[in-house]
1. Fully extended, how many nm does the chain gain between B:ALA255 and B:ASP271 (0.36 nm per residue separation, minus their Cα-Cα distance)?
2. Roughly how big is the protein assembly as shown's charge dipole about its Cα centre, with Cβ charges of +1 (Lys, Arg) and -1 (Asp, Glu), in debye to the nearest 20?
3. Cα convex hull of the protein assembly as shown: how many Å³ per residue?
4. Between B:GLU116 and B:ALA361, how many nm apart are label points set 7 Å from Cα along the C-beta direction?
5. Of all beta bridges DSSP finds with both residues in chain B, what is the antiparallel percent, to the nearest 5?
6. Quick one: if you take sqrt(5λ) for each eigenvalue of the C-alpha gyration tensor of region B:123-235, what semi-axes come out, biggest first, whole angstrom?
7. How big is D, in µm² s⁻¹, for region A:329-443 by Stokes-Einstein at 10 °C and 1.306 mPa s if Rh is the Kirkwood radius over C-alpha pairs?
8. Given a Förster distance of 22 Å, report the FRET efficiency between A:HIS408 and B:THR290 from their Cβ-Cβ distance, rounded to the nearest 0.05.
There are 2 protein chains.
Amino acid sequence: MHFLIIGGSDAGIAAGLRAHELDPSCEITLVLSDEYPNYSICGLPFFLSGETPDWHSLAHRTEFPGIQLMPNHTAESIDPIGKFVAVRNGNGAQLELRYDKLLIATGARPVQPNIEGFHLPGVFPLHTMEDSFAVHRFLEERQPKSAVIVGAGYIGLEMADALTRRGVHVTVASRTEAVLATVDPGYGKRVEVELEKHGVEVWNQVQASSIRATRDGLAVSGTKEFSRTADLVLVAVGVRPNSELGAAAGVTQGAKGALCVNRKMETTLPDVYAAGDCVETWHRLLNRNTYMPLGTTAHKQGRTAAENAIGVHREFAGSLGTQVVKLFDLIAARTGLREQEAASAGFCPFTAETTVWDHKAYYPGARELHLRITGDRHTGKLLGAQLLGHRNSEVSKRVDIFATALFHGMKMEELNDLDLSYTPPLSSPWDPVQMGAQFWTKAAGNRSSRL
Amino acid sequence: MHFLIIGGSDAGIAAGLRAHELDPSCEITLVLSDEYPNYSICGLPFFLSGETPDWHSLAHRTEFPGIQLMPNHTAESIDPIGKFVAVRNGNGAQLELRYDKLLIATGARPVQPNIEGFHLPGVFPLHTMEDSFAVHRFLEERQPKSAVIVGAGYIGLEMADALTRRGVHVTVASRTEAVLATVDPGYGKRVEVELEKHGVEVWNQVQASSIRATRDGLAVSGTKEFSRTADLVLVAVGVRPNSELGAAAGVTQGAKGALCVNRKMETTLPDVYAAGDCVETWHRLLNRNTYMPLGTTAHKQGRTAAENAIGVHREFAGSLGTQVVKLFDLIAARTGLREQEAASAGFCPFTAETTVWDHKAYYPGARELHLRITGDRHTGKLLGAQLLGHRNSEVSKRVDIFATALFHGMKMEELNDLDLSYTPPLSSPWDPVQMGAQFWTKAAGNRSSRL
């Protein structure tokens, strides 16, 4: 059996490793367009901040047992009838690779914003290793003193942190009401406080429209009279799926042009699977596909695709959209649905916000932990949670307790039944997760929902 | 309805608060034998270390809405026919308190070890606020330079940490093969390394037999030629249930003499509930009662007892024995069953141990996280997990992810389906929890258990 994989990032590599693990006799070929198999794209801001000085260490792994890697090979077309893929190598030569089972794991690419001057020198996207090398070279050679970052999502804000660490003055131009639109605006505002505390300047509801090269640097202009001149401009306004290859072969496309797959990660073409940032993702709470590119999901989907390709039936369990970001000393995490997402999906959501200590206040170092919890008034079920707190407050694994509860469809009241660990330096007899659930229940006037 | 509660610690107070919350018209009286309602007994080591300078701050709360507190009142007998409790106040006067529903929440007390000289001045147990004041006075007035701690469980080891912080040289005499017998001996040995790194001397498999007052201090002797002279001796060799009051009234006793209760926290007497360290605890995995006194459990049981007393049917969901302790910079946590406990209970356990990074190694500050995971070979189900790691490695909330998975009876393979949060400074695309599960599956040769 020849399992051909197009794409050398999380989904592709996870699939190859899993296929080899389950069936060591499987012949596995993996085509990647660059020479950086399974590099941690999420780690690029830390390379650029200087916290991770050697980019080589960003490789998730350097050994790929059972996988024949073909770096610098670009897949150009798929013939789903003849079952082969046309590939061009670095020298421009084309070759054809036959497959029994094919995985399309072509990932995503940055959205090209409609900004005049986007292609000027000193203006960079940040998605690939090559992007990152270009920014790194610029930082080293030009020693910029100032930067404008267009976009206030994970990458934009992590880069605000990274450049500030290098002594660069950063201005963030955010399109939304508050930065980090993956959490509610009130929490986005708290994130802004952390950014501003470290010297980052934040502009909200700004649509950047043009970049001009001036004697003083790159002049960025936008709505709301936004105007800043800086030595460096980063543009990080989201990603879109690299779905063209699959689409040209006849794979149906869905949300945002991503490839349609079922929960076995099968596309609409026989023996062709797809996984990772180029596909739609099954949402466990919404019970439908969405476009939600995340590295964790890509790993799971790649693994699931390989299992099915090998002949072991397995369904992708679905995403809850669990995410976390560290910005300076602040951690912002979320899982599940927010109020409006839940309402749109037909739930009857109620959201309660509370602030508790991360551990017993009598033990030194207690810090405030902020929780916004969304549940369904009718069923009493947990729908989602957003948490903000200090980097030492176990915020991310607390959101994971919520994620595990969500996975099982727990009711808010049932969270009190969980036997969670407690010692005064780390928690309270009712963990903050449970205090949040209790607060929600009272606030919702829903205290007897399960009783 | 008059709800009478005997005991002012976690179970009693949790019950009173919950009863008032559900039924504000309920008349609630709470009798406690000292004057410290709902103090955090788990916090005593931090008061004695000086980390929590003011003992008043150990109060979990200082307001008790809807509860009439009767401090310094000792319950002496229960008449389950007449439905009243005989109580003696601080002046020696006796009074009778009628009840409609009664909760016995009399807690536990330290095991009195069979050690000659246990009652000498300078030898202390540590369980109540009064014990703690006595030790504190001794520390302040005598400024001891050395201490022997008999017992190497949570309290003993936390006190080794606490006294070391005060500049006292500590020797721990442990009865078991390694300290902290709640984790496997290999992990106990790792805990010893942390203790010894901070100057604590550890003796294992020592049964202390006598303490003598000598010119040089208190001479502690035991098996294996153990002999140490110190200025202070602490004895912390476990607790036993304060079940005499309930037993005298006719409540059936079970494991270790604890009061028998069903999952509604009803005793064998009508309208008499019991909860907390004086009762047997339903174990969710063993499907039977055990004696496992923990503050988290006491809160849950008190809450459950109150709900049933109020007339709302609710069952205690059961304990998983989730526990965590911080010793210097090390966190040791566990949940569920260990290999031998599982085997005794009829499971077919297999345990795998692995060490992974707590977050991506390329981001500064990555530390080793040790996981020992136990699962059932036949069913592929998770049975338990033990974790050791640095205080900033989110160890305790990672054990809680295992606890939440255990609560739902998840198979090891299903842990890979959990949508857990990831950012390089805090985790990996597969969280250490999932890496541990994957390692177990491979080690058990059980990779297709769920597939």
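Values in this text are rule-based calculations from the coordinates and carry no lab data. Quick caveat, the model's predicted, so the values are computed rather than measured. When we count neighbours, we look across all protein chains shown, and the Cβ atoms used for this are built from the backbone with ideal geometry, even at glycine.
1. 3.5 nm
2. That gives a dipole near 440 debye.
3. Considering the Cα atoms of the protein assembly as shown, their hull volume per residue is 172 Å³.
4. Simple spin-label model gives 5.6 nm for this pair.
5. 65
6. 22, 16, 13
7. 114
8. In this case the efficiency is close to 0.35.
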